[in-house]
Amino acid sequence: MIYGTNSKLPYSSSRVITTGDAFAVIDGLTPGKKYFYKVKVINAEATEISPYSSVRTLTSPTTPIAPPITVATYNLCSWVGNCGTTWTDRMPAIVANLTAQAPDIAALQEISTSRPLSGFLDA
């Protein structure tokens, strides 16, 4: 792919991007600026499979696109046998599970409808 801010590609300040995927991530674009680009396909042996496409346009976003985040909700008392133990007893398994999942945000809850939970105030 070749791109730049002038529709007459290529030119002295245009840039060339090579990727092994069907897409490319381009950093450093000026927010709200119009860019021109064209692409061609080259195989793993560096043989040109297609000529450059016609010139296309894209305006870069005016606000940064945030990376995706993962959110988890976790019921600390998620099964009956687990609710009969203290927080100290439950904590290692809960920490291991949350560490394995590695969410960006975790909402923890502990609920029982039948009785106060043992060790709830220990946390």
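Would you check which residues across region 38-71 are exposed (fewer than 10 other Cβ atoms within 10 Å of the Cβ) and charged (D, E, K, R) and list them?
Matches in region 38-71: 45 only.
Would you say residue 96 is assigned to a strand (DSSP E or B), modelled with pLDDT of 80 or more and of a type in the set (Gly, Ala, Ser)?
In short, no.
Go through region 57-72 and give me each residue that's in a loop (DSSP other than H, G, I, E, B) and among the β-branched types (Val, Ile, Thr).
The answer is 62, 63, 65, 69, 70.
Just the residues that are more than 30 Å from residue 105 (Cβ to Cβ) and either in contact (Cβ under 8 Å) with a residue 60 or more places away in the chain or among the hydroxyl-bearing types (Ser, Thr, Tyr) (or both), please, taken from region 33-71.
35, 37, 47, 50, 52, 53, 54, 57, 59
Confirm whether residue 30 is under 24 Å from residue 66 (Cα atoms), in a loop (DSSP other than H, G, I, E, B), among the polar types (S, T, N, Q) and without any contact (Cβ under 8 Å) to a residue 24 or more places away in the chain.
no
The values are calculated or read from the model by the stated rules, or taken from the named source; none is laboratory data. Because the structure is predicted, anything quoted here is derived from the model rather than measured. Glycine also receives a Cβ, built like all others from the backbone with ideal geometry; neighbour counts cover every protein chain displayed.
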